[in-house]
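The values are calculated or read from the model by the stated rules, or taken from the named source; none is laboratory data. These figures come from a predicted structure and were not determined experimentally. Cβ atoms come from the backbone with ideal geometry, glycine included; neighbour counts cover every protein chain shown.
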Amino acid sequence: MIRRVVSLVPSLTEAVAASAPELLVGATDWCTHPAELEVVRVKGTKNPDVRRILALRPDLVLANEEENRPADLAELRAAGLHVLVTHIRTLPQALTELDRVLRTCALPRPPWLDEAAEAWAEPPALPPCRAVVPIWRRPWTVLGRETFAGDLLARLGVVNLYAEHSERYPRIPLDELHAQRPDLVVLPDEPYRFTADDGPEAFAGTPAALVDGRSLTWYGPSLVEAPARLSAELRAAFR
């Protein structure tokens, strides 16, 4: 019986909290949704406080192979904890893994999961446009191959110019990004917080779409509204 859950992934924290917030006893400092969630904070996704997690005596720890470090998860397992690690690179994987997490927690399938699948079945897409998608600067880092965010953008008509790169998050010099002559630069507000004053100026002459990072990178209840919100933000760049 799962009665005590620690989540090391913001998206999974929100997914469980939407159905059964009482199960959550610990979450990372980055788990900001729902805003009213009151649980013990166990530091970040990359530097969890293992001692604090162990002290919470969770029946289950939720993690992700990309967001959490293998060494930390191995330490939790060595201490006897049950650690569920999700693997998400595409929207279908996200929906499947969310279902697995909720079933492991013995929670019924929530309406928002089917609503998310329906919302993404025929999302409001742009005509295909070639784009670069920075997620960091100093150094400039972009979406590369096999990323969840890249899959969502592709479903909205955005052709990622680095989708075939050998790395998932390659560091690309700014002059090389310019040399690609993109139709659009997509600038999310996480993990790097791009804003109207920080990001677009580096791509003068190229339309810049400032997009909600949670809609682009989180997999959970936010997926229901994400296609409409992202589509509107992408379209706004061409006005």
Quick one: in the stretch 214-230, of everything that is closer than 16 Å to T32 by Cα and not in a helix (DSSP H, G or I), which residue is farthest from the chain's Cα centre (by Cα)?
G220
Of the residues in the stretch 54-81, those that are among the acidic types (D, E) and part of a helix (DSSP H, G or I) come to D72, E75
The stretch 61-72 residues that are of a type in the set (K, R), paired with ones that are in a loop (DSSP other than H, G, I, E, B) (beta carbon under 9 Å, 6 or more apart):
R69/T45; R69/K46; R69/N47
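Any idea how many residues of the stretch 181-213 are part of a loop (DSSP other than H, G, I, E, B), surrounded by 14 or more Cβ atoms within 10 Å (Cβ to Cβ) and more than 19 Å from the chain's Cα centre (by Cα)?
Step one: filter the stretch 181-213 for residues part of a loop (DSSP other than H, G, I, E, B), giving 181-183, 189-194, 196-197, 199, 204-207, 212.
With surrounded by 14 or more Cβ atoms within 10 Å (Cβ to Cβ) added as a condition, the list becomes 182-183, 189-190, 192, 194, 199, 206-207, 212.
Those still in the list that are more than 19 Å from the chain's Cα centre (by Cα) too: 182-183, 199, 206-207.
The total comes to 5.
Out of the residues in the stretch 48-60 that are free of Cβ contacts under 8 Å to residues at least 24 places away in the same chain and of a type outside the set (D, E), which is surrounded by the fewest Cβ atoms within 10 Å (Cβ to Cβ)?
Residues of the stretch 48-60 free of Cβ contacts under 8 Å to residues at least 24 places away in the same chain: 49, 51, 55.
If we keep only those that are of a type outside the set (D, E) as well, we get 51, 55.
Values: R51: 9, A55: 12.
Ranking the qualifying residues of the stretch 48-60, first place goes to R51.
State all residues of the stretch 1-37 that are touching a residue at least 40 places away in the same chain (Cβ under 8 Å), part of a loop (DSSP other than H, G, I, E, B) and closer than 20 Å to P191 by Cα; if no residue qualifies, say none.
Filtering the stretch 1-37 down to residues touching a residue at least 40 places away in the same chain (Cβ under 8 Å) leaves 1-16, 18-20, 23, 33.
Remaining after also requiring part of a loop (DSSP other than H, G, I, E, B): 1-4, 8-9, 20, 33.
The answer is L8, V9, H33.
R130: out of contact with any Cys (no Cβ under 7 Å at 6 or more places or on another chain), surrounded by fewer than 15 Cβ atoms within 10 Å (Cβ to Cβ), of a type in the set (K, R) and at pLDDT 95 or above, yes or no? Outline the logic, then answer.
On the way: out of contact with any Cys (no Cβ under 7 Å at 6 or more places or on another chain): yes; surrounded by fewer than 15 Cβ atoms within 10 Å (Cβ to Cβ): yes; of a type in the set (K, R): yes; at pLDDT 95 or above: yes.
Here the answer is yes, as R130 does meet what is asked.
Being of a type in the set (G, A, S) and buried (at least 20 other Cβ atoms within 10 Å of the Cβ) narrows it down to one residue among S19, S7; which is it?
On the way: S19 fails: buried (at least 20 other Cβ atoms within 10 Å of the Cβ).
It is S7.
Just one of E75, E36, E65 is under 22 Å from T147 (Cα atoms) and either of a type outside the set (A, V, I, L, M, F, W, C) or in the same structural domain as T217 (by TED's automatic domain parsing) (or both); which is it?
Numbers: E75 fails: under 22 Å from T147 (Cα atoms); E36 fails: under 22 Å from T147 (Cα atoms).
Exactly one of E75, E36, E65 is under 22 Å from T147 (Cα atoms) and either of a type outside the set (A, V, I, L, M, F, W, C) or in the same structural domain as T217 (by TED's automatic domain parsing) (or both), namely E65.
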Considering only residues that are under 19 Å from K46 (Cα atoms) and in contact with a Lys or Arg (Cβ under 7 Å, 6 or more places away or on another chain), which ones fall in the stretch 75-108?
V83
When the stretch 96-111 is checked residue by residue, the ones that are part of a helix (DSSP H, G or I), more than 17 Å from the chain's Cα centre (by Cα) and surrounded by 14 or more Cβ atoms within 10 Å (Cβ to Cβ) are L102, T104
Among the residues of the stretch 220-239, which ones are touching a Ser or Thr at 6+ places or on another chain (Cβ under 6 Å), over 17 Å from I135 (Cα atoms) and surrounded by 23 or more Cβ atoms within 10 Å (Cβ to Cβ)?
G220, A226
